[in-house]
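We did not get these values from a lab; they are worked out from the coordinates using the rules stated. What you see is a predicted model, and the numbers here were worked out from it, not measured in a lab. Virtual Cβ from ideal backbone geometry, glycine too; neighbours counted across all protein chains shown.
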Amino acid sequence: MKIDVFDKNGKSVEKMELDESVFGAEPNRALLAQYLRIFDTNQRQGTSSTKTRAEVRGGGRKPWRQKGTGRARHGSIRSPIWVGGGISHGPQPKDWSLSFPKKMKKVAIVSALSLKQAKKQLKVLDILSFKKPKTKEMTEILGNLELRGRTLLVINKADENILKSTRNIKLLTVSTGETLNGHDLLKNTHVLFLKDAISKVQERYHS
């Protein structure tokens, strides 16, 4: 399986061999759905919290005597039925995280990569480097490669000039080969790999 490698002007300069075990596998859609559900669940912080009547400030004194006022009896102004009182059965901090076996995660990412390749939504760029941040130049490169819509750029390792050149481009997400995940692969319409990054990914997910 071969794929064109483009330069920054959008011209094909060579062909690169793709590992079929990584980019030509049969996508496991059921596993992908499970992976996305667990990924989204693990983004929950679980920090929402409300105070019970025991935690709300004030309310130590009985608001009025038990009998003889003609009003309903109350023991505290911080009762849940009072405005400003505690919350009954409200949310408390909770760990929502779910585990996902490494082998299943690997299959899910390979499925996502193979799906992108099958849909012709994957491109390879030979090299990308900036002496200083250039957002305009990065935008031109994306235009030359005909990448419109949500795009994931996968680089080999973090590069400050690349990160600064891409951070103001609204529909562009940047990832490295090590931080690549199935969620980013699937939520973006296009995936643009740097040549050295795709080699790194093939080494990591080869079976």
* Restricting attention to segment 1-21, and to residues there that are acidic (Asp, Glu) and farther than 17 Å from LYS200 by Cα, which single residue is surrounded by the most Cβ atoms within 10 Å (Cβ to Cβ)? -> ASP7
* Given the conditions (1) over 14 Å from the mean Cα position of the chain (by Cα); (2) surrounded by fewer than 21 Cβ atoms within 10 Å (Cβ to Cβ); (3) more than 19 Å from SER114 (Cβ to Cβ), report the number of the one that LEU194 does not fulfil. => (2)
* Those residues that are outside any helix (DSSP H, G or I), touching a Ser or Thr at 6+ places or on another chain (Cβ under 6 Å) and free of Cβ contacts under 8 Å to residues at least 40 places away in the same chain, I need them from segment 121-156; list them, please. => PHE130, PRO133, LYS134
* Output yes when any residue across segment 145-161 is more than 30 Å from SER207 (Cβ to Cβ), of a type in the set (Lys, Arg) and either surrounded by 15 or more Cβ atoms within 10 Å (Cβ to Cβ) or in contact with a Cys (Cβ under 8 Å, 6 or more places away or on another chain) (or both), and no when none is. => no
* Counting just the residues of segment 74-124 that are among the charged types (D, E, K, R) and in contact with a strand residue (DSSP E or B) (Cβ under 9 Å, 6 or more places away or on another chain), which one comes out nearest to LYS15 (Cα to Cα)? -> LYS123
* Within segment 41-64, is even one residue touching a Ser or Thr at 6+ places or on another chain (Cβ under 8 Å) and not in a loop (DSSP other than H, G, I, E, B)? -> yes
* Asked: Can you pull out the residues in segment 162-191 that are crowded, with 18+ Cβ neighbours inside 10 Å, in contact with a Lys or Arg (Cβ under 8 Å, 6 or more places away or on another chain) and assigned to a loop (DSSP other than H, G, I, E, B)?
  -> GLY177, ASN188
